[in-house]
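> Here it is, the structure, as structure tokens.
The values are calculated or read from the model by the stated rules, or taken from the named source; none is laboratory data. Values in this document were obtained by computation on a predicted structure and should not be read as measured data. Here the Cβ positions follow ideal geometry from the backbone for every residue, glycine too, while neighbour counts run over all protein chains shown.
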Amino acid sequence: MSRTSVPRHATASARMGYVLTVGAWLFLFAAGMVLPGCPVEYEIANTTCLACHDGRGATDQRGFLEGAHGWIRCENCHGPGYYHVRNGGRLGLLIDNPGDAEFAVRDDVCAACHAGLVEEFSATAHFTGEGASCVDCHDVHSRGGMRSVDVADPSDVGTPELAAICGRCHEGEVADVAISRHGAIGFDCLTCHDPHATADFEDRVKDNSLCLNCHALLGFETDDDVKTHVGAFHPVDPAGSGAGRCAACHLVPVRVEGQPDVPLRHTMDPVPPRVTNDAIAAGETVVPPNSCSGILGCHDSNVPGSGLPRDPYDTQLNETLQGIYELVGDRS
């Protein structure tokens with residue numbers, strides 16, 4: 001008697017048992033499940049995966065073969081694919097997708113080859129704040145290896161491509177750079193930022209070396225040059241108190257409240273105190289600080305000679321600061 005045939009004389013309960021048995025076997029077959037002893041270690045070739053992942057049977061991943069990761073077996077990142085193939089790939093079952101893993105372990109697959117980069121990246125605000133993991137910016141299936149980018153050379157990631165990637169989370173900053181003088185000469189996010197590391201970047205901002213790396217060519221070679229730029233009444237101690245730090249005047253927060261966890265203006269232009277007064281006069285609810293007041297760590301008791309904290313809502317004070325700002329040089 002075959003497994004699926006039911007005797008004519010079987011009781012109703014027995015017949016139901018046969019139906020359930022048949023249903024169970026059909027489910028196991030549909031799911032690709034097999035009895036012990038089946039070849040679970042059988043390697044699935046990339047060509048087998050791409051036979052379906054060609055844009056017709058499933059998402060088109062054929063660009064993978066032309067990218068930097070094209071030499072890697074699909075199973076190295078996705079785990080054994082035997083059951084997934086037996087299931088015909090239905091519903092994307094029986095295969096690992098690192099992008100669907102819990103955030104804390106999402107990058108473990110990448111660390112198998114990129115341990116150093118992943119270790120550095122895990123200390124950045126992108127990762128500690130759970131804002132982005134490797135797969136949020138990188139697409140190992142594309143020729144360029146980056147999300148929103150489809151270039152033949154993985155190293156060919158320029159300003160438009162980075163704007164598409166970084167702008168998904170940092171839209172304001174990317175827009176600022178686009179209209180800035182830095183953007184006009186081809187600077188992009190990677191000119192200043194290394195998204196895989198944080199400590200080195202922060203240190204180079206604190207001691208002005210990040211800015212002076214380029215601006216030394218424009219006459220800013222020493223601390224004395226910086227002091228001349230900001231005015232004799234401004235001390236220069238960027239790595240210590242923060243006085244004379246380029247970022248304090250040129251990377252102003254977009255609002256007073258919520259600092260330091262607010263976006264920074266990336267036009268790199270200093271903000272004159274009159275901008276704050278104009279916003280107050282216009283009745284704006286989000287009042288922008290300026291390069292002289294309303295910035296944490298600037299013009300407060302931690303900066304030698306600066307006195308008490310400055311109140312950006314004090315319009316009379318802002319008028320006085322505007323006069324000092326113009327003495328240094330109108331940088332609006």
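Residue by residue, here is whether (1) part of a loop (DSSP other than H, G, I, E, B); (2) touching a residue at least 60 places away in the same chain (Cβ under 8 Å) holds:
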{"site": "Pro235", "(1), (2)": "yes, yes"}
{"site": "Gly240", "(1), (2)": "yes, no"}
{"site": "Ala248", "(1), (2)": "no, no"}
{"site": "Val256", "(1), (2)": "yes, no"}
{"site": "Pro260", "(1), (2)": "yes, no"}
{"site": "His266", "(1), (2)": "yes, yes"}
{"site": "Val271", "(1), (2)": "yes, no"}
{"site": "Asp278", "(1), (2)": "no, no"}
{"site": "Thr285", "(1), (2)": "yes, no"}
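> Something else about it: Kindly establish whether Asn87 is crowded, with 17+ Cβ neighbours inside 10 Å and among the polar types (S, T, N, Q).
Considered against the rule, which asks whether it is crowded, with 17+ Cβ neighbours inside 10 Å and among the polar types (S, T, N, Q), Asn87 comes out as yes.
> A further question follows. Spot the failing condition for Tyr82; the list is (1) modelled with pLDDT under 90; (2) under 17 Å from Thr48 (Cα atoms), and only one is missed.
(1)
> Can you pull out every residue in segment 105-131 that is farther than 21 Å from Asn76 by Cβ, of a type outside the set (S, T, N, Q) and not in a loop (DSSP other than H, G, I, E, B)?
Once the filter is applied, which keeps residues that are farther than 21 Å from Asn76 by Cβ, of a type outside the set (S, T, N, Q) and not in a loop (DSSP other than H, G, I, E, B), segment 105-131 yields Glu120, Ala125, His126, Phe127.
> (1) farther than 24 Å from Gly294 by Cα; (2) assigned by TED's automatic domain parsing to the domain that holds Ser293; (3) at pLDDT 90 or above: which one isn't true of Glu221, the others all being true?
(3)
> Output the qualifying pairs, or none if there are none: Cβ atoms under 9 angstrom, residues six or more apart or on different chains, first residue in segment 53-72 and more than 17 Å from Cys113 (Cα to Cα), second residue of a type in the set (Lys, Arg) and assigned to a helix (DSSP H, G or I).
As it stands, the answer is His53/Arg62; Asp54/Arg62; Gly55/Arg62, since those pairs meet every condition given.
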